[in-house]
1. Any residue at all in the stretch 102-121 that is of a type outside the set (Lys, Arg), on the phi > 0 side of the Ramachandran plot and either in a helix (DSSP H, G or I) or open to solvent by less than 100 Å² (accessible area, probe 1.4 Å) (or both)?
2. Suppose we filter the stretch 76-100 for residues that are part of a loop (DSSP other than H, G, I, E, B) and closer than 16 Å to Gln57 by Cβ; how many remain?
3. Please list, ordered by first then second residue, the pairs with beta carbon atoms under 9 Å, 6 or more apart or interchain, first in the stretch 74-95 and within 11 Å of Val108 (Cα to Cα), second among the hydrophobic types (A, V, I, L, M, F, W, C) and modelled with pLDDT under 90.
4. Does Gln57 satisfy the criteria of being modelled with pLDDT under 90, open to solvent by 60 Å² or more (accessible area, probe 1.4 Å) and either part of a helix (DSSP H, G or I) or not hydroxyl-bearing (Ser, Thr, Tyr) (or both)?
5. Considering only residues that are open to solvent by less than 90 Å² (accessible area, probe 1.4 Å) and either within 16 Å of Leu67 (Cα to Cα) or of a type in the set (Asp, Glu) (or both), which ones fall in the stretch 35-48?
6. Looking at Glu110, Glu85, Glu90 in this structure, which one is of a type in the set (Asp, Glu) and either under 28 Å from the mean Cα position of the chain (by Cα) or within 27 Å of Tyr49 (Cβ to Cβ) (or both)?
Amino acid sequence: RKLFNVFAAMLLEIVTSLASPLQKLLALVTPTNWILFTVTLGLAIIWHYTKNLRYWQSRGVSGPTPLPFFGTYLVQFFRPMNIVEEERFEKYGPIYGIYDGSEPGLIVGEPSLVAKIIDRKST
C-alpha cells in the first residue's frame, strides 16, 4: 500500500509538471492558427503536385497540357488508351512528353528513335 502511495504521488507530480507546457501548447491552438496551418499545408500540397508540370515545356519537348494531380492521364479514363496515344502521336510527333500525375515521362513512337536514344545515352 505504501508503494502504491509513492507511485501515485510520483505520477501526480509528473502530470502536474506537464500541465504547464500542455497549457502553453493548447494556447497556440486558436482558430487563426488552424486556418494558417490549413492554408499553408494546402499550398504545400499544391506546390508538390505542380512543381514538375513544366518539365517538358522547359526542355522544348511538345506534349499535352497536364492537369494538377492527374497529369495527362485523365483523358484515358474516358477514352481507350490506344486511340488517345494515336491522336497524340499525330498531333505532337514521334516524341512527346506526358505526365503520370506530376512525374514526367517520354513517349517515343518509332523504334529507330529508341535505338538512337539508347545509343546516345550509353556514350
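The values are calculated or read from the model by the stated rules, or taken from the named source; none is laboratory data. Quantities reported herein were computed from a predicted structural model and do not represent experimental measurements. Here Cβ is always computed from backbone atoms with ideal geometry, including for glycine, and neighbour counts include all displayed protein chains. We work out accessible area using only protein heavy atoms, side chains counted, and drop any ligands, DNA or RNA first. Shrake-Rupley method; radii C 1.70, N 1.55, O 1.52, S 1.80 Å.
1. No, the conditions are met nowhere in the stretch 102-121.
2. Residues that pass the stated criteria total 1.
3. Every condition considered, the pairs that remain are Pro94/Leu113; Ile95/Leu113; Ile95/Ile117.
4. When the stated conditions are applied, Gln57 passes them.
5. Ile45, Ile46, His48 - these are the residues of the stretch 35-48 that are open to solvent by less than 90 Å² (accessible area, probe 1.4 Å) and either within 16 Å of Leu67 (Cα to Cα) or of a type in the set (Asp, Glu) (or both).
6. Going through Glu110, Glu85, Glu90 in turn, just one is of a type in the set (Asp, Glu) and either under 28 Å from the mean Cα position of the chain (by Cα) or within 27 Å of Tyr49 (Cβ to Cβ) (or both): Glu85.
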